[in-house]
Amino acid sequence: MNVLLTGGMGYIGSHTAVALLQAGHRVVLYDNLCNSDAGVLGCIGQIVGKAPLFIQADVRDTQTLSDALTRHEIDAVAHFAGLKAVGESAQKPLAYYANNVEGTVSLLEAMTRAGVCSLAFSGSATVYGEPRYLPLDEAHPLSATNPYGRTKLHIEEMLRDLSVSDPCWRIVCLRYFNPAGAHESGLIGESPSGIPNNLLPYVARVAAGELPSLSVFGDDYPTPDGTGVRDYIHVMDLAEGHVAALDWLGGHPGCHAINLGTGQGYSVLEMVEAFAKASERAIPYQIAPRRAGDVAACYADPGKALRELGWQARRGLADMCASAWNFQRRSRETGFR
Ligand code: NAD
Ligand code: WQD
């Protein structure tokens, strides 16, 4: 299959490119590099033996996108491109609507022009809002608590409307839980610019001595140790989930939602302990007030992915922490993030 990856130079896109190439597919990466580095291309090349094709452009450039789909005889698109920082989305909501919602409208227009109907969309468990029950299955009611989440919700609704309007569409919204870890080579991984918002990149920098200590946001949640519980999923498992989903889409018209999670929740303190073990470093932390908008616990019912895609996560917490630490050390050595 020929697959175009919007946002393919980013954290999840680059790992998915590796998984697709290793499964024998051809890929074209399409990214404006607003949150990634051109050096990622060479790293993917080092892992798989040959750098993939890369087009530096914005998804809102509909003509360039539709030309790329036609010229490279694309069969399916994996759509990762977008902005993803929850806090920033409250400060700059229009940037989020423009990038995420308008960007997706442009992509769908380009796909229509080029006659490409298969799409895997980077959804998020954030569309479940405050959990009414756990584990979260795909039938859980949807809501959003911040502009970023609303863009994900609007896009899902738009995709459902589109699939009703024309039966040619084959769309899957993959609702990711908490992606973590890196490729085992340590060449690609998650490298947020500035102070990380997400737990594991923050912990990795504390372990490396680049940040003094972690603030644990709340220890009075109704969870076993009082800290927030999340479903962390290894980014290579997530990448392989995309390969399975794109294969599956061929025989499944319509618009589908599928969770990509492990079903296992870990608390913040369990994550700190696992990372300290993997890195053999102390992780100093202090308890801080709850972070606005956080929920106590969030984890997936991953049953639909297994039933439909034949996919389930294979890698555990130790692997997520070890690979994140390996990436942290390598990126320090090479100076490349
Ligand atoms: P990322 O920022 O590392 O990757 C996104 C990529 O898209 C970047 O390379 C960026 O340069 C590119 N991009 C952004 N806007 C673009 C545009 N207008 N045109 C072209 N390229 C553009 O983020 P990620 O963690 O890899 O996330 C990928 C997708 O998965 C996003 O849609 C995100 O919302 C979603 N998601 C991420 C998480 C997470 O925790 N990482 C969880 C759930 C869902
Ligand atoms: C995990 C846990 C924090 C940082 C976010 C988005 C979500 C999705 C994934 C895109 C929580 C605690 C964190 C810190 C801490 N992204 N924590 N100290 O909030 O589950 O999900 O990323 O779709 O939409 O909201 O992930 O990694 O920020 O937090 O104690 O410095 O770690 O309170 O319990 P979250 P996270």
Looking at the chain, send over the antiparallel percent of its DSSP beta bridges, to the nearest 5.
5
Shape verdict for the range 180-332, please, from the Cα gyration tensor: rounded (a/c under 1.5), prolate (a/b greater than b/c) or oblate.
oblate
Cα gyration tensor of the range 283-337, axes a ≥ b ≥ c as square roots of the eigenvalues: rounded (a/c below 1.5), prolate (a/b > b/c) or oblate?
oblate
Label the range 1-154 by shape, choosing from rounded, prolate and oblate, from the square roots a ≥ b ≥ c of the eigenvalues of the Cα gyration tensor; if a/c is under 1.5 it is rounded, and otherwise prolate applies when a/b is larger than b/c, oblate when it is not.
prolate
With Cα coordinates, the longest principal axis of the chain makes an angle with the long axis of helix 235-249, in degrees rounded to 10, of 30
Once normalised by the length of the chain, the mean sequence separation of its alpha carbon contacts under 8 Å that are 6 or more apart gives a contact order in percent of 19
Of His15, His252, His242, which is the most mobile in a GNM of the chain whose springs link Cα atoms less than 10 angstrom apart?
His252
Extent along principal axes [Cα atoms of the chain; Å; largest to smallest]:
54, 45, 39
In the range 200-282 the accessible area split gives carbon plus sulfur, as whole percent at 1.4 Å, a share of 50
May I ask you to derive the relative contact order of the range 107-180, considering only C-alpha pairs under 8 Å and at least 6 residues apart, and to give it as an integer percent?
43
In the Gaussian network model of the chain, springs joining C-alpha atoms below 10 Å, which of Gln22, Gln286, Gln63 carries the largest mean-square fluctuation?
Gln286
Heavy-atom accessible area per residue of the chain, all protein chains kept, 1.4 Å probe, expressed in Å², is 42
Out of the range 106-162, which trypsin sites (Lys or Arg not before Pro) are coil in DSSP terms and have no more than 15 other C-beta atoms within 10 Å?
Arg132
For Asp247 and Lys92, FRET efficiency with R0 = 25 Å and r from the beta-carbon atoms, rounded to 0.05?
0.10
Partner lysines for Lys304 [C-alpha distance under 21 Å; skip if fewer than 8 residues away on the same chain]
Lys152
What nm distance separates the two modelled labels at Arg26 and Asp220, each placed 7 Å from Cα along Cα→Cβ?
6.0
Surface share of carbon and sulfur [accessible, 1.4 angstrom probe, percent] for the range 84-133
56
Those chymotrypsin sites (Phe, Trp or Tyr not before Pro) from the range 69-153 that are DSSP loop and have at most 13 other Cβ neighbours within 10 Å turn out to be Tyr133
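The values are calculated or read from the model by the stated rules, or taken from the named source; none is laboratory data. Since this is a predicted model, take the numbers as computed values, not measurements. Please note: Cβ atoms are built from the backbone with ideal geometry, for glycine as well, and neighbour counts cover all protein chains shown. What goes into the accessible areas is simple: the full protein's heavy atoms, side chains included, and nothing from ligands, DNA or RNA. Shrake-Rupley method; radii C 1.70, N 1.55, O 1.52, S 1.80 Å.
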